[in-house]
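Worksheet for the structure shown next.
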Amino acid sequence: MLAAAAAAKNAACGSPGDETGDEGSSDGSGTSVTTSGSTGDTPTTGESTTGEIELPSDPFTLGTASGDPLPDSVILWTRLAPTPLEPGGGMPPEVVVVEWEVATDDAFTDIVTSGTADADPTFAHSVHVDVGGLEPDSWYWYRFKIGSYTSAPGRTRTTPARDAKPEKLRFASACCQSYTEGYPAAYIHMAEEDLDLVVFLGDYIYENAATGPIRSHGSPVVFDLEGYRARYALYKSQPELQAMHARCPWVFLWDDHEVDNDYAGDLAGEGEPDFLLRRAAAYQAFYEHMPLRLPPPTGPDYKIYGTLHWGDLATFWLVDTRQYRDDQICGGEPGGACPEWPTYDGTLLGDEQETWLQDGMRDSDAIWKVIANQVVFSTVNFGGTFINFDQWDGYPVARQRLLDFIAGEALENVVILSGDLHVGGVGDIGAIAEDEESPVVAAEIVTTSISSSSIDDAEAIGGLVAGLKRIRHFNAVSRGYVSNELTREQWAIRCFTIDGADTPTSPGAVEIELFIDAGVPGIRPE
Ligand SMILES: [Fe+2]
């Protein structure tokens with residue numbers, strides 16, 4: 001494929017913009033497109049020439065996406081990959097020019113802005129366009145074009161103005177979409193909702209070995225950049241996932257499986273040399289496949305945490321509990337407490353991020369203060385007899401410090417979002433983590449997995465958790481997501497579950513609806 005494209009390029013001698021593609025072709029036949037060394041919206045560091053090359057087939061196999069919305073801007077994403085599972089995605093090693101359009105209608109009769117961007121092989125021919133000049137609190141449609149190919153249209157929106165007083169926000173929280181353990185059928189249902197936003201809480205890909213109970217990755221454990229790219233391409237090829245990206249903007253956290261199971265900071269989950277090289281490759285591939293309002297990483301460090309404001313209705317602090325954490329204590333494997341556990345003062349957020357979070361929450365005028373985080377915050381260690389050291393239970397001093405801050409500042413309407421465990425749960429958070437009688441100061445909504453399998457001994461653990469006073473709802477066995485509807489008076493939590501992730505068309509329904517009243521800490525069952 002590359003040889004054919006290179007030959008076509010060498011044969012082509014058109015000037016920039018003089019596209020000679022086979023217009024109207026979208027059936028897999030080739031099309032000539034323009035290469036460029038000019039600067040665009042994507043950083044350009046790869047080899048570039050000005051001329052034309054030929055694409056062998058539709059390059060929009062991975063769909064499109066939008067994310068990180070602001071009142072006047074949103075990031076549009078695509079990645080050109082005619083043959084996405086091959087090295088290089090089937091693209092020649094050239095910078096190519098992609099056109100983009102933003103309209104107020106899905107027929108693109110009212111185009112409000114458009115432009116071109118470079119797709120650089122240095123970043124897997126991904127495209128990140130920062131579209132500015134948009135109206136706040138408004139819906140738009142976008143699409144990309146290259147040669148004779150046009151992407152499917154996507155729908156996106158801006159956030160309300162920073163000083164606006166919105167009446168409503170509807171968003172889904174989702175996480176954990178293992179390809180080998182199931183189909184992302186939950187997205188079919190999510191796409192039928194009229195959501196403003198998706199908050200993705202991590203485990204967008206799994207780096208692990210080839211085969212699971214439902215499907216095969218077709219490749220072994222991932223360690224290098226090409227491997228991570230191919231893994232993202234496999235996941236992004238799923239039509240259910242593409243369809244949900246086309247419905248609204250997403251914002252992202254990562255958890256461990258975007259890099260390595262249970263990794264902690266610069267420590268691999270199972271110890272391996274050169275882990276930071278692997279982390280750098282994984283972080284670059286994450287950038288390449290997400291609509292991030294960030295420059296690409298230049299090494300193993302990548303600051304992705306940040307805020308999202310929805311007028312004064314809600315502020316999300318999207319935190320990173322992987323990159324800056326200390327190692328899991330007591331050997332890391334779930335089990336009983338070791339002597340060091342009760343006073344272990346390891347950090348999950350790192351000092352800088354923790355200060356940033358506290359400063360932001362202290363100064364916030366948002367009605368709903370949302371900490372979007374990867375791992376479960378609630379106390380579920382059964383008196384220290386069974387502890388998952390990878391979640392906040394394993395970092396007891398850091399957790400209590402955050403609780404002391406929330407209680408000390410008398411912050412209202414604090415809601416913590418988490419995922420990771422492939423269970424669904426809703427609960428109250430007490431001011432003292434280990435005291436079930438302490439006053440409620442926050443609520444937690446644990447999102448179950450889109451497709452990843454249940455935890456071991458799910459039924460038994462479900463029975464144990466049901467006995468915990470703080471936990472208002474727990475489902476250890478179902479796949480799905482949480483649909484959240486926020487108003488100025490109330491947060492409605494709708495836990496949506498599907499019958500199973502073993503088919504791409506699994507039926508589903510809202511399993512339970514719970515509420516939080518503004519100004520009243522904790523969960524109100526209806
Ligand atoms: Fe997961």
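Look through region 267-291, keep the residues that are part of a loop (DSSP other than H, G, I, E, B) and buried (at least 23 other Cβ atoms within 10 Å of the Cβ), and return whichever of them is nearest to the ligand (Cβ to nearest atom).
By that ranking, first place goes to Met290.
Which condition number in (1) more than 16 Å from the ligand (Cβ to nearest atom); (2) in contact with a Lys or Arg (Cβ under 8 Å, 6 or more places away or on another chain) is the one that Gly132 fails?
Among (1) more than 16 Å from the ligand (Cβ to nearest atom); (2) in contact with a Lys or Arg (Cβ under 8 Å, 6 or more places away or on another chain), the lone unmet condition for Gly132 is (2).
Any idea which of Gly519, Gly480 is on the phi > 0 side of the Ramachandran plot, more than 22 Å from the chain's Cα centre (by Cα) and modelled with pLDDT of 95 or more?
On the way: Gly480 fails: more than 22 Å from the chain's Cα centre (by Cα).
Going through Gly519, Gly480 in turn, just one is on the phi > 0 side of the Ramachandran plot, more than 22 Å from the chain's Cα centre (by Cα) and modelled with pLDDT of 95 or more: Gly519.
The conditions are (1) in contact with a His (Cβ under 9 Å, 6 or more places away or on another chain); (2) under 19 Å from Gly89 (Cβ atoms), and His245 fails exactly one of them. Which is it?
(1)
Tell me the residue from Leu464, Leu514, Leu468 that is assigned by TED's automatic domain parsing to the domain that holds Trp310 and assigned to a loop (DSSP other than H, G, I, E, B), please.
Leu468
May I ask you to say which residue of Val440, Val446, Val397 is crowded, with 17+ Cβ neighbours inside 10 Å and in contact (Cβ under 8 Å) with a residue 12 or more places away in the chain?
Val446
With the requirement that a residue be surrounded by fewer than 24 Cβ atoms within 10 Å (Cβ to Cβ), in a strand (DSSP E or B) and either of a type in the set (Gly, Ala, Ser) or outside the structural domain of Glu240 (by TED's automatic domain parsing) (or both), what does region 427-437 give you?
Gly430 - this is the single residue of region 427-437 that is surrounded by fewer than 24 Cβ atoms within 10 Å (Cβ to Cβ), in a strand (DSSP E or B) and either of a type in the set (Gly, Ala, Ser) or outside the structural domain of Glu240 (by TED's automatic domain parsing) (or both).
Only one residue in Ser148, Ser114, Ser138, Ser126 is of a type in the set (Ser, Thr, Tyr), closer than 25 Å to Tyr235 by Cβ, away from the ligand (no atom under 16 Å from the Cβ) and in the same structural domain as Leu80 (by TED's automatic domain parsing), so which one is that?
Details: Ser148 fails: closer than 25 Å to Tyr235 by Cβ; Ser114 fails: closer than 25 Å to Tyr235 by Cβ; Ser138 fails: closer than 25 Å to Tyr235 by Cβ.
From the options Ser148, Ser114, Ser138, Ser126, the qualifying one is Ser126.
Within region 498-521, how many residues are over 18 Å from Val440 (Cα atoms) and surrounded by fewer than 22 Cβ atoms within 10 Å (Cβ to Cβ)?
Taking region 498-521 first, the residues over 18 Å from Val440 (Cα atoms) are 498-513.
Cutting the leftovers down to surrounded by fewer than 22 Cβ atoms within 10 Å (Cβ to Cβ) gives us 499-500, 502-513.
Looking only at that region, the number is 14.
Restricting to region 93-117, name every residue that is surrounded by fewer than 24 Cβ atoms within 10 Å (Cβ to Cβ) and under 27 Å from Val222 (Cβ atoms).
Pro93, the sole residue that qualifies.
Looking at Gln391, is it within 16 Å of Val375 (Cα to Cα), surrounded by fewer than 20 Cβ atoms within 10 Å (Cβ to Cβ) and assigned by TED's automatic domain parsing to the domain that holds Ser173?
Taking the combined requirement at face value, the residue does not satisfy it.
Among the candidates Ile205, Ile214, which residue alone is within 16 Å of the ligand (Cβ to nearest atom), among the aliphatic types (A, V, I, L, M), in contact with a Gly (Cβ under 6 Å, 6 or more places away or on another chain) and over 30 Å from Ile367 (Cβ atoms)?
Unique residue meeting the criteria: Ile214.
Select from region 238-257 the residues that are surrounded by fewer than 24 Cβ atoms within 10 Å (Cβ to Cβ) and within 14 Å of the ligand (Cβ to nearest atom) and list them in ascending order.
Asp256
With assigned by TED's automatic domain parsing to the domain that holds Ala281, over 30 Å from Thr315 (Cβ atoms) and not acidic (Asp, Glu) as the only criterion, which of Ile188, Ile205 stands out? Steps first, please.
On the way: Ile205 fails: over 30 Å from Thr315 (Cβ atoms).
It is Ile188.
Do we have any residue at all in region 258-266 that's more than 16 Å from the chain's Cα centre (by Cα), without any contact (Cβ under 8 Å) to a residue 24 or more places away in the chain and more than 16 Å from the ligand (Cβ to nearest atom)?
Within region 258-266, none of the residues are more than 16 Å from the chain's Cα centre (by Cα), without any contact (Cβ under 8 Å) to a residue 24 or more places away in the chain and more than 16 Å from the ligand (Cβ to nearest atom).
Regarding Leu411, is this residue more than 16 Å from the ligand (Cβ to nearest atom) and not in a strand (DSSP E or B)? Step through it out loud before you land on a result.
On the way: more than 16 Å from the ligand (Cβ to nearest atom): yes; not in a strand (DSSP E or B): yes.
Criteria met by Leu411.
The values are calculated or read from the model by the stated rules, or taken from the named source; none is laboratory data. Every value quoted in this text rests on a predicted model; they were computed, and no experiment measured them. Cβ atoms come from the backbone with ideal geometry, glycine included; neighbour counts cover every protein chain shown.
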